[in-house]
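Scroll down for the structure; my scribbles are underneath it.
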Amino acid sequence: MISSISALFARGRGPVRLAAAAVASGVVAVGLLATAGTAAAAEVTQSQGGATATIGGLKTYGAAVVHAEGGDQEVSAGLFEMSVEGGGTLQTYCVDLYNPTQRDAKYHETPWSGTLLAANRNAGRIRWILQNSYPQVNDLASLADKAGIGAGLTEQDAAAGTQVAIWRYSDGAAVDAVDPQAERLADYLQKAARVVAEPTASLTLDAPAVSGRPGELLGPVTVHTDATSATVTPPVDAATSGVRIVGKDGKPLTAVSEGSQLFFDVPADTAAGSAELTVQASTTVPVGRAFTSDSRSQTQILAGSSESTVSATASATWALKGAIPALSAAKNCAKSGVDIAAANRGDEAFTFELMGVQHTVPAGGSGTVTIPLQEDQAYDFSIVGPRGDQNRFTGVLDCRTQADEIAGLTTQTLSEPSPATVGGVSTADDTDLAATGGSSATPLIAGTAIGLVVIGGAALLLVGRKENGSQR
């Protein structure tokens, strides 16, 4: 019963009190208070399956010029490379020009709805550029011919021109490539781009959390993947607990494909508990998939993929009686918050508290609560289950480009040495070029201002006013 939980949330969200304290650096961290408990917390990430990778830096790139009120700045523009957990390599472009890349940041494949692309009406044009330029089109002579460019388009020019065209759509940036060939490619791609639909995930599970009574088949968990096949790993204690992963016919499943349905088969005499399965496959991740990091490292978009390992997990909770909740979370950039999906397959209502507000899911009901957050806000909160178990949700809300937040402000660099303005003196190792975040050793142009809230070292607490006892 979605209306029950959503209506309660609508009337129950009280005013929010902000309390801030800043450290000497002036950087502010954001925390979220929520119900605490004594049981160990099971951390719930907002990754919805797919590839997980570590960024390694810029690999193929040229130079570009960003025109801003504070003056023109040179930046490096081109392809990043990521190493996939379990094997594989990804090539990506940046869609978050004014935000730095953190060294060795871990990234997760993310639907556009959970990224700054959610509100970008040109996101589909960015995907067209990716499909019709380098490295997807690696015949540089053919690419140059389409763009009306003479001979001599290099990989560096192709990467720089492609990145510049993307920035014009992702960040609305006034940016030009330094090399004339790269600039002509950027102009061609920008003008030729058409809207293309968001690509499907390489691997995701629907639903990521299920619940019910032992003796029943708990599910279904539906597999969505572009891989030919995927393997299923049962719960780690399956041999002792007796919990099996089966299809709807009750037969054990170890291999699945697109559309397969999985169920947790829990023996009838099993004590209340929970279990988790993992589905893993090897595939090429679709071009245009977004990648985000909870370290607030700049958002990336996929330009190319080798055969790579992708995975997704789903959990099940069971009990003989009482409330039996299943909880999952996903970032919702359209609503500037985190969606907490709750289903209750028990015979009693499940009531939980977030930010001092109670929410109730009736027996047999389900619904979604959107927890509103500020941009760049780190969050860490828990929902306590009926048997004292905790589901912990952590992450950072990153739904807008820095350009949206600092429009009209003077641009500054985030680190030393400062990038030289165009026409300035270059050093032998090109350390005057601001990079789009390839490593902490290369500075990045970034918009900032006194009072801008970013993740850092003090505390900003959001404390909701508690409901009175008459509201349920």
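Read the figures in this text as sums done on the coordinates, not as results from a lab. Just so you know, these numbers come straight off a predicted model, no measurement behind them. In this analysis, Cβ positions are derived from the backbone assuming ideal geometry, glycine residues included, and neighbour counts consider all displayed protein chains.
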### Task
Using Cα centres only, tell me the gap between region 90-105 and region 218-272 in whole Å.
36
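Rounded to whole Å and sorted largest first, what semi-axes of the equivalent ellipsoid does the C-alpha gyration tensor of region 91-193 yield via the square root of 5 times each eigenvalue? The partial results should precede the final answer.
Values: eigenvalues 116, 41, 34 Å².
In descending order, the three semi-axes are 24, 14, 13 Å.
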### Task
May I ask you to sort E69, E81, E216, E74 by Cβ crowding, counting other Cβ atoms within 10 Å and putting the fewest first?
E69, E216, E81, E74
### Query
For K191, which lysines qualify as cross-link partners when the Cα separation must be under 20 Å and same-chain residues fewer than eight apart are set aside?
K146
### Query
Is there a pair in K248/K331; K106/K331; K106/K248 whose C-alpha atoms are over 24 Å apart, and which pairs would that be?
K248/K331; K106/K248
### Message
Just to confirm my numbers, what's the Cα centroid distance between region 313-333 and region 186-207 in Å?
### Response
31
